[in-house]
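Down below is the structure, laid out as structure tokens.
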Amino acid sequence: MENCLFCKIIAGDIPSNKVYETEDVLAFRDIAPQAPVHILVIPKAHIASVGEINAENAAAAAKCLEAVAVIAKQEGLDSGFRVISNCGEDAGQTVHHLHFHILAGTKLSEKMV
Ligand code: AMP
Ligand code: ZN
């Protein structure tokens with residue numbers, strides 16, 4: 001997808017700090033971490049957001065969540081972690097390529113979900 005930041009990261013045109021990669025999924029550290037551990041998990045296929053998941057692309061989204069579980073073990077997040085996906089303007093989505101934030105490494109706020 002032209003002009004998509006995360007598609008450019010997948011293509012290797014923009015560098016990233018990779019933590020996990022499969023044929024269908026890429027995970028890398030967020031450039032502006034909001035917790036001691038802040039990882040983004042994305043499908044290699046361009047899906048704009050959770051709001052665009054459908055019968056055709058649901059497998060790619062599911063593989064991201066499968067990857068979350070593997071990454072949590074790999075990163076030793078035994079005391080817990082939070083998974084967030086912002087969808088649309090009100091949620092503050094800034095990159096319009098589906099991504100799941102993994103936040104961990106500290107006691108996370110109880111105020112938001
Ligand atoms: P969201 O606001 O939910 O769309 O999340 C987008 C996330 O992408 C933010 O947490 C940004 O810090 C992160 N981000 C933006 N550019 C990069 C980049 N080049 N490498 C890693 N993370 C990035
Ligand atoms: Zn994209």
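The values are calculated or read from the model by the stated rules, or taken from the named source; none is laboratory data. Please read all numbers here as calculations on a predicted model, not as lab measurements. Cβ atoms come from the backbone with ideal geometry, glycine included; neighbour counts cover every protein chain shown. All accessible areas refer to the heavy atoms of the entire protein, side chains included, with ligands and DNA or RNA removed. Shrake-Rupley method; radii C 1.70, N 1.55, O 1.52, S 1.80 Å.
Values for this structure:
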| read-out | value |
| --- | --- |
| Hey, residue 87 open to solvent by less than 80 Å² (accessible area, probe 1.4 Å) and touching a helix residue (DSSP H, G or I) at 6+ places or on another chain (Cβ under 8 Å) or not | yes |
| Which listed residue, of 58, 35, 48, is open to solvent by less than 50 Å² (accessible area, probe 1.4 Å), under 26 Å from residue 89 (Cβ atoms) and within 16 Å of ligand 2 (Cβ to nearest atom) | 48 |
| Which listed residue, of 113, 95, 83, 70, is of a type outside the set (Gly, Ala, Ser) and assigned to a helix (DSSP H, G or I) | 70 |
| Sole residue being open to solvent by 70 Å² or more (accessible area, probe 1.4 Å) and either at negative phi or in contact with a Phe, Trp or Tyr (Cβ under 8 Å, 6 or more places away or on another chain) (or both), chosen from 43, 15 | 15 |
| The range 1-25 - residue that is touching a helix residue (DSSP H, G or I) at 6+ places or on another chain (Cβ under 6 Å) and not in a loop (DSSP other than H, G, I, E, B) and, of those, nearest to residue 65 (Cα to Cα) | 25 |
| Whichever residue in the range 1-31 is among the polar types (S, T, N, Q) and within 14 Å of ligand 2 (Cβ to nearest atom) and, among such residues, is modelled with the highest pLDDT | 16 |
| Flag for residue 72 being buried (at least 16 other Cβ atoms within 10 Å of the Cβ), touching a Ser or Thr at 6+ places or on another chain (Cβ under 9 Å), of a type outside the set (Lys, Arg) and over 21 Å from residue 92 (Cβ atoms) | no |
| Count of residues meeting criterion [touching a Leu at 6+ places or on another chain (Cβ under 8 Å), free of Cβ contacts under 8 Å to residues at least 12 places away in the same chain and more than 11 Å from ligand 1 (Cβ to nearest atom)] in the range 1-59 | 0 |
